[in-house]
Amino acid sequence: MGASGGSDEYTPPRLSRLLHAVPHINVTLHRVNDTFAPDSPVYLESLGIIGSIPGAWLILTLLVLLIYLLTRCCDRKQRPPKSITALKITLMFLSVLCCGAIGVGLFGNDDLHNAMLQSIQAGNQLAALVNTVKNQSSILEEAMGSRARAPLVRLTDALEAPVVNQTALGTLLRALSALRNNASAAASAADNLRRPLAALNLDAFMKRLWVWEAARWGGGMAGWCCGGAVCVALLAAAARRSRRALLLLCVCALGGLVSCWAGAALLAAGAVSAADACLDPAAALAHHAPHRLSPDMVHYYLSCKVSRENVLTAELRNAQRAVVAVRQALAVLTRGAPQLFNDPGLQPALGALGAGTGEAERALVSLSGALECRMARAYFVAGARAACDAGLQALTLQLLAAVAAGFLFTAIVLVDSHAWIYINTKRSGTGEEQAPFLSSGSSAATRSLPRPAPFPNGKPPSYSAAVQLMDLTLADSHRPSSPCGGRSRMSGSATLGRGATGGGAGAAALGGAATLGRAHNGKYATLSKQCKTLESNDFY
């Protein structure tokens, strides 16, 4: 079998070479070997230092935000409405830009998912090749081993019968011995073909890889969508000038800032390591993939460089030679044995051996195609191109989107905190908030209520003073002025001051005022209510 329609040549992408050129340094700032080696602590240390750059920037950003909030949260200076409007417009503009960066991240996450699915599909095709080798090797071993034992025993018993032509018998016995030896050699070669691949379970590995990729894609989509929801909610909160919403979304934006820079650290280390592996993916898989196979064997099938013979190819050739010898010996026995012997079990034994030999030949044809390195190379190149070209581009796109979103979320936190600090808490009739940040509600309520006037002589008026005030008001009711205003109110106030007696006098005055109120007409009652209202206002 040949390769698929595409070219079998793999060339590292330009982006891979660009990211591979990023300096790999250790903690002493000395450059180390940049060859992909995930088992090397030195190489992992260099990747950790690359990933720590966004982490260090995150720590610096959080310190700056902390200092800023500490300096601004206690500022009670009122700002003109124009400045708050400018903050609102700036916040909306930054939210739109952040939505764009998050959209780029969503696109990169989906593009990476598609590239990984293509690589997984190529891996499934390689797994099918491995399964073909396993299955056909088992068929060959069974046809030349366990299934051939009984016919060989019957054939041996038939040839032990006495015959006259010893020359023909010797020829048949030599053919039987060759058939037995070559059948055993073919079964042994088939076992040698199957044994190295017995521990290799690419199907299970590809299923785990698919589950991991599905979880990564779902988590990435959820994370980017949460960041987009925060940006959209910021637009609505800025438009409505809702202080509570801005305060809550400021905290959410701070969480998005931390998530973006943490994700950028992981993406940076992942992109650089992927670029290192994509320079020579065949060598990376041969030496570092968990397959328990010989690196030379894996590199032979993935690079298809026939500098030396492969172990599996050598065993395949041994099996082919043995099966050809079995076919030749069987032909000799099929021609000569029926002429010399009349054993009824002879023909069934020869027929069983012929059927097993035919099955072994078909298995060898399938093995020849499956063990051809060009087929495995074609599938590997397709998967490597998907992962190292489109996949690495999508990974880098997500890295850039995370960095851009991190900067934008930093600006959003600054502007948002600046906005909600200066937006007041008490709303007026127009819906705009007025009280400054960190102003106590009790002090604001105290300032909104009028202070009571001091009482004359330091004591509150009694009910007797109220009765005297009503009498004075009735005496002046014929005047056009207010019945409880002017000189009468002043005299009443004076009477209130003089009539501040004990609790018993107040109770008697209350009874007299009630009797007097029932004795007068409706006008008197109305005037009494007005005067009581005025005095109660003065009292409180």
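The values are calculated or read from the model by the stated rules, or taken from the named source; none is laboratory data. Everything quoted here is computed from the prediction, not taken from an experiment. Cβ: placed from backbone, ideal geometry, glycine included. Neighbour counts: every protein chain shown. To get the accessible areas, we keep the full protein, side chains included, count just its heavy atoms, and leave off ligands, DNA and RNA. Shrake-Rupley method; radii C 1.70, N 1.55, O 1.52, S 1.80 Å.
Percent of Cα-Cα pairs more than 25 Å apart in the stretch 295-400, please.
51 percent
For a label point 7 Å from the Cα of LEU60 along Cα→C-beta, name the residues of the stretch 377-418 whose backbone N is under 17 Å from it.
403-411
With only alpha-carbon atoms counted, please give the Rg and Dmax of the stretch 289-332, in Å.
In Å, with Rg to one decimal and Dmax whole: 15.2, 49.
Ignoring ligands, DNA and RNA, please state the percent of accessible area on the stretch 156-264 from carbon and sulfur, probe 1.4 Å.
Result for the stretch 156-264: 67 percent of the exposed heavy-atom area is carbon or sulfur.
What is the sum of charges, Lys and Arg at +1 and Asp and Glu at -1, for the other residues whose Cβ falls under 14 Å from the Cβ of ALA286?
0
Using a 1.4 Å probe, how large is the accessible area of MET206, given in Å² and rounded to the nearest 10?
Only protein atoms counted, so the area is about 20 Å².
Counting heavy atoms of the protein chains only and a 1.4 Å probe, report the per residue accessible area for the stretch 286-357 as a whole number of Å².
54 Å²
For ILE25 and ALA314, calculate 0.36 nm times their separation in residues minus their Cα-Cα distance, and state this gained length in nm to one decimal.
Contour length minus Cα-Cα distance gives 99.6 nm.
Please work out the Kirkwood hydrodynamic radius for the stretch 136-231, using every pair of different C-alpha atoms, and report it in angstroms with one decimal place.
With all distinct Cα pairs of the stretch 136-231 included, I get 18.5 Å.
How large is Rg over Rh for the stretch 142-295, taking Rg from the Cα atoms and Rh as the Kirkwood inverse mean of 1/r across Cα pairs?
Reported Rg/Rh (Cα atoms, Kirkwood Rh): 1.49.
Using the Cα atoms of the stretch 177-251, I'd like the radius of gyration and the largest Cα-Cα distance, Dmax, both in angstrom.
Expressed in Å, the Cα Rg and Dmax of the stretch 177-251 come to 30.6, 97.
So what is the accessible area of the stretch 232-276 per residue, in Å², with the probe set to 1.4 Å?
With all protein chains present, the stretch 232-276 gives 41 Å² per residue.
Using the Karplus equation 6.51 cos²θ - 1.76 cosθ + 1.60 (θ = phi - 60°), what ³J(HN,Hα) coupling, rounded to whole Hz, does each residue of the stretch 396-407 give in order, writing x for Gly and Pro?
These are the phi-based 3J(HN,Hα) values: 5, 5, 5, 4, 5, 5, 5, 5, 4, 5, x, 5 Hz.
Taking the inverse of the average 1/r across all pairs of different Cα atoms in the stretch 222-277, what Kirkwood radius in Å do you get?
The Cα-based Kirkwood calculation yields 12.7 Å.
How much accessible area does SER259 have with a 1.4 Å probe, in Å² rounded to the nearest 10?
Surface accessible to solvent at SER259 totals approximately 80 Å².
Whole-Hz Karplus ³J(HN,Hα) for the stretch 184-190, in order, using 6.51 cos²θ - 1.76 cosθ + 1.60 and θ = phi - 60°, x for Gly and Pro?
In residue order, the calculated couplings are 5, 5, 5, 5, 5, 5, 5 Hz.
Using +1 on the beta carbon of Lys and Arg, -1 on that of Asp and Glu, and nothing else charged, what's the dipole of the stretch 276-409 about the Cα centre, debye to 20?
My answer is approximately 260 debye.
Amide H neighbours of ILE25 under 5 Å, at least 5 residues apart or on other chains, H built in the peptide plane: list them.
Residues meeting the criterion, in which the H sits 1.01 Å from N, are VAL32.
Extent of the stretch 101-144 along each principal axis, from alpha carbon coordinates, in Å, largest to smallest?
Largest to smallest, the principal-axis extents are 64, 8, 5 Å.
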